[in-house]
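A quick write-up on the structure given underneath.
The values are calculated or read from the model by the stated rules, or taken from the named source; none is laboratory data. These figures come from a predicted structure and were not determined experimentally. As a convention, Cβ positions derive from the backbone with ideal geometry for all residues, glycine included, and neighbour counts pool all protein chains shown.
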Amino acid sequence: FLPVANLTELPDDGTPLRFSLIADKIDAWNLFRNQTIGTVYLRKIADQVIAFNDTCPHLGCKVDYKSSSKTFFCPCHASAFSLEGDKTNDIPPRGLDTLAVKVDS
């Protein structure tokens with residue numbers, strides 16, 4: 001698990017926010033500290049936090065959140081997903097991938 005955000009940063013109304021995942025990257029010769037290794041959407045619903053991978057399962061583009069319709073949308077090929085991450089059209093092969101979450105005080 002990587003630390004991503006404080007619970008106070010997440011809106012109480014369940015609106016998803018995108019956060020960067022920061023970690024050290026190591027290749028065969030170098031250590032690169034505090035690098036962005038990816039991004040995720042986090043939602044807080046009551047006392048539960050849900051994390052979605054923001055990569056579209058269709059062809060790997062980054063998914064955007066559209067606040068006007070409260071949906072996720074892939075700008076590359078028009079894949080669409082509900083606020084719960086379920087696919088809402090026939091383009092993607094599945095819904096958004098969820099990630100394990102650990103809430104730590």
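Odds and ends about this structure:
- Qualifying residues in the stretch 95-104 (those that are out of contact with any helix residue (DSSP H, G or I) (no Cβ under 9 Å at 6 or more places or on another chain), assigned to a loop (DSSP other than H, G, I, E, B) and not acidic (D, E)) - the one farthest from N53 (Cα to Cα): K102
- Leading residue by the ranking (surrounded by the most Cβ atoms within 10 Å (Cβ to Cβ)) among those in the stretch 71-86 that are in contact (Cβ under 8 Å) with a residue 24 or more places away in the chain and not small (G, A, S): F72
- Which listed residue is touching a residue at least 24 places away in the same chain (Cβ under 8 Å) and surrounded by fewer than 12 Cβ atoms within 10 Å (Cβ to Cβ), from R33, R43, R94, R18: R94
- Test: N30 is more than 18 Å from D97 (Cα to Cα), modelled with pLDDT of 95 or more and out of contact with any His (no Cβ under 7 Å at 6 or more places or on another chain): yes
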